[in-house]
1. Please go through the stretch 42-55 and give me each residue that is hydrophobic (A, V, I, L, M, F, W, C), farther than 15 Å from Asp17 by Cα and either assigned to a loop (DSSP other than H, G, I, E, B) or in contact with a helix residue (DSSP H, G or I) (Cβ under 7 Å, 6 or more places away or on another chain) (or both), ordered by number.
2. Provide a single number: the residues in the stretch 6-38 that are of a type in the set (Asp, Glu) and under 13 Å from the mean Cα position of the chain (by Cα).
3. Testing Gln43 on (1) loosely packed, with under 10 Cβ neighbours inside 10 Å; (2) within 12 Å of the chain's Cα centre (by Cα); (3) not hydrophobic (A, V, I, L, M, F, W, C), one condition comes back false. Which one is that?
Amino acid sequence: KKSGIGLLPGIELSIKDGQAGVHTLVVFSDEWFNNKEQTNHIQTFLSLTFAGIANFEDENARSNHDIVDTVRELDKFHKDYFLIFAHVEAPKGLW
C-alpha cells in the first residue's frame, strides 16, 4: 500500500468439474487470515476441499467439490472472496 500497490491473498485450485478440472482463482479478503482468532481460514478451506487427497499442490489434483459446492463451502466461512475462472476457453477452463 505504501507505493500504491496492493496484494490480494489467493489460490488457484482445480475444481472437480469437467474432464480435467476447472482452474479457478479464489481471491480472499484479509479477514481470512488476519483475524482476532488468529486462524488461517484459507488453509482450513484447502484442507476441507482437498480432504483425503495427497499432494493437492500437484497441478493435476482436483478438489472434492464441484463449482456450486465450492461456493457453498466458501460461503460457510462468512468472509468476503471472489472467483476468477482462469483461461476460460482453454483446456481446464470453464467451457
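Since every read-out is calculated from the coordinates, none of them should be taken as a lab result. None of the values given here were measured: they were computed from a predicted structure. Cβ placement follows ideal geometry from the backbone for every residue including glycine, while neighbour counts extend to all protein chains displayed.
1. Listed by number, the residues that qualify are Ile42, Phe45, Leu48, Ala51, Ile53, Ala54.
2. Selection size over the stretch 6-38: 1.
3. (1)
So that you can scan it fast, the table gives a plain yes or no per residue for (1) surrounded by 13 or more Cβ atoms within 10 Å (Cβ to Cβ); (2) of a type outside the set (Val, Ile, Thr); (3) assigned to a strand (DSSP E or B):
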site: Asp17; (1), (2), (3): yes, yes, no
site: Val27; (1), (2), (3): yes, no, yes
site: Asn35; (1), (2), (3): no, yes, no
site: Gln38; (1), (2), (3): no, yes, no
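Residue-by-condition table, conditions (1) assigned to a loop (DSSP other than H, G, I, E, B); (2) surrounded by 12 or more Cβ atoms within 10 Å (Cβ to Cβ):
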position: Ala20; (1), (2): yes, yes
position: Glu57; (1), (2): yes, no
position: Arg62; (1), (2): yes, yes
position: Val71; (1), (2): no, yes
position: Lys79; (1), (2): yes, yes
position: Gly93; (1), (2): yes, yes
